[in-house]
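Engineer: My questions all concern the structure below.
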Amino acid sequence: MSPFERALELAERGRGKVRDHPLVGAVVVSDGEIVGEGWYEYDAVRHAEAIALEQAGERARGATLYVTLEPCSHHGRTPPCADAVVAAGVARVVVGARDPNPLVDGRGLERLREAGIEVELLDSLEARRQNEAWRTWKALGRPFVTYKAAVTLDGRVVVPGRRWVSGEASRRLVHELRAASDAVAVGMGTVRADAPRLDARGVGARRQPRRLAFGRGPLPEGSELELRSGPLGEELRALAADGVQSLLLEGGPTLATAFLEAGLVDKLLLFVAPVLGGAGPRVLGELASPRELLHLRATPSGADVLLEAYLREP
């Protein structure tokens with residue numbers, strides 16, 4: 001494992017704990033040996049770089065710092081990490097990705113270079129993917145939207161005579177996705193047809209997502225969903241202001257097409273089942289123009305195949 005891969009691994013230790021901060025991992029290497037490690041957790045307050053540099057002590061002087069995200073250069077809850085790196089005497093910094101926060105966005109790299117430190121920016125997809133929701137929330141002022149659907153090989157979202165399109169392994173993964181999301185949403189058509197609960201079940205969820213319905217009400221009596229009836233862009237900005245960084249969209253073709261046409265889908269997850277539906281609604285309605293997909297990946301999910309792709313760079 002390379003020092004940068006180790007930094008990515010360390011950053012994951014903060015998942016679910018960092019609140020409005022990004023995941024960050026840092027590793028200090030001197031003479032080919034790791035002499036300091038750190039990661040960010042909200043309760044720890046200090047940033048990953050400061051923790052790693054403190055652990056390295058005097059061995060940080062002349063060393064290389066690997067950090068998954070650009071060091072901050074402004075005073076927030078803690079002093080600037082870029083200043084701490086300069087004070088420690090680090091000779092080289094390898095950065096996974098720029099920080100899209102307008103308060104940082106290149107200023108940390110500039111501060112390091114002004115101090116004579118060699119800086120290498122990897123622009124790593126893995127580093128950007130690790131904070132994909134936070135990056136969108138900070139840069140665009142709305143949640144990161146993932147559209148999830150289960151489909152047949154011929155693109156249908158139902159299989160006549162079957163309750164489920166996808167298999168058990170895929171359905172469990174959906175509950176894990178819900179548990180990891182700040183909010184889950186469907187459209188009113190899905191609400192009226194299926195009365196979905198949208199909660200995360202059977203996966204040991206530490207918290208439940210906000211459960212939303214987009215469209216015109218009223219909600220059926222007894223529904224526990226939260227109705228959002230305004231324009232999609234406005235509703236997403238309002239959710240972001242409430243701290244919602246990630247939205248899992250589970251609606252049918254009408255809602256998915258509306259989000260896509262508005263340019264509000266960031267990521268696509270399709271659970272493709274080994275069956276031909278033959279009839280029934282398709283995964284999407286008509287789009288005004290084609291959409292190019294980025295970083296397509298295919299992974300097994302039980303008997304299904306999970307296709308993952310981005311509509312924009314994370």
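The values are calculated or read from the model by the stated rules, or taken from the named source; none is laboratory data. What you see is a predicted model, and the numbers here were worked out from it, not measured in a lab. Note: ideal-geometry Cβ built from the backbone for every residue, glycine included; neighbour counts use all protein chains shown. When the accessible area is computed, the model is the full protein with side chains, heavy atoms only, and any ligands, DNA or RNA have been set aside. Shrake-Rupley method; radii C 1.70, N 1.55, O 1.52, S 1.80 Å.
Engineer: Which value, in Å², gives the accessible area per residue of the chain when a 1.4 Å probe is used on the protein heavy atoms? All intermediate terms of the calculation are to be shown ahead of the outcome.
Structural biologist: Working: 15050 Å² over 314 residues.
I get 48 Å² per residue for the chain.
Engineer: Out of 272, 159, 186, any idea which swings most in a Gaussian network model of the chain, alpha carbons joined below 10 Å?
Structural biologist: 159
Engineer: Each residue of the stretch 298-303 in order: what ³J(HN,Hα) in whole Hz does its phi give by Karplus 6.51 cos²θ - 1.76 cosθ + 1.60, θ = phi - 60°, with x for Gly and Pro?
Structural biologist: So the J values, rounded to whole Hz, are 10, 9, x, 9, x, 7.
Engineer: Sticking with this one: Could you tell me the convex hull volume per residue, in Å³, taken over the Cα atoms of the chain?
Structural biologist: That works out to 143 Å³ per residue.
Engineer: Same structure, new question: Roll a 1.4 angstrom probe over the protein heavy atoms and tell me the percent of accessible area of the chain that is carbon or sulfur.
Structural biologist: 51
Engineer: With all pairs of different alpha carbon atoms counted, what Kirkwood hydrodynamic radius in Å does the stretch 45-116 show?
Structural biologist: 12.0
Engineer: A further question on this structure: Percent of Cα-Cα pairs more than 17 Å apart in the stretch 144-193, please.
Structural biologist: 47
Engineer: OK, next. Need one number for the stretch 156-314: average projected area of the convex hull over its C-alpha atoms, nm². Mind dumping the intermediate values first?
Structural biologist: Working: hull surface 40.9 nm².
For the stretch 156-314, averaging the hull's shadow over all directions gives 10.2 nm².
Engineer: So if I take the alpha carbon set of the stretch 189-277, get Rg, then get Rh from the Kirkwood formula, what is the Rg over Rh ratio?
Structural biologist: Rg divided by Rh gives 0.96.
Engineer: GluC sites (Glu not before Pro) within the stretch 253-314: which are DSSP loop residues with at most 14 other Cβ atoms inside 10 Å?
Structural biologist: 286, 292
Engineer: Per 5 Å bin from zero, what fraction in whole % of the C-alpha pairs of the stretch 1-107 is there, up to the bin with the longest pair?
Structural biologist: Per 5 Å bin, starting at 0, the Cα pair percentages come out as 3, 15, 26, 27, 19, 8, 2, 0.
Engineer: Compute and list, largest first, the equivalent-ellipsoid semi-axes of the stretch 94-144 from the alpha carbon gyration tensor, each √(5λ) rounded to a whole angstrom. Walk me through the numbers on the way to the answer.
Structural biologist: Numbers: eigenvalues 104, 36, 4 Å².
Gyration-tensor ellipsoid for the stretch 94-144: 23, 13, 5 Å.
Engineer: Additional query: Sort out for me the Cα centre separation of the stretch 74-133 from the stretch 165-217, rounded to whole Å.
Structural biologist: Their Cα centres are 36 Å away from one another.
Engineer: Can you sort 118, 313, 168 by 1.4 Å-probe accessible area, starting with the largest? Each step should come with its number before you reach the end.
Structural biologist: Details: 118 105, 313 85, 168 140 Å².
Sorted by accessible area, descending: 168, 118, 313.
Engineer: Mind listing the long-range amide H neighbours of residue 275? Cut-off is under 5 Å, sequence gap 5 or more, other chains count too, H placed in the peptide plane at 1.01 Å from N.
Structural biologist: Long-range HN contacts for residue 275: 153.
Engineer: Calculated from DSSP H runs of 4 or more alone, at -39500 (n - 2.57) each and per residue, what is the 222 nm mean residue ellipticity of the chain, nearest 500?
Structural biologist: Helix contribution divided over all residues of the chain: -8000 deg cm²/dmol.
Engineer: Go ahead and run the numbers for FRET between residue 293 and residue 54, Cβ-Cβ distance against an R0 of 51 Å, rounding to 0.05.
Structural biologist: Efficiency for this residue pair is about 0.75.
Engineer: Rg(Cα) of the stretch 26-176 divided by 2.2 N^0.38 Å?
Structural biologist: 1.40
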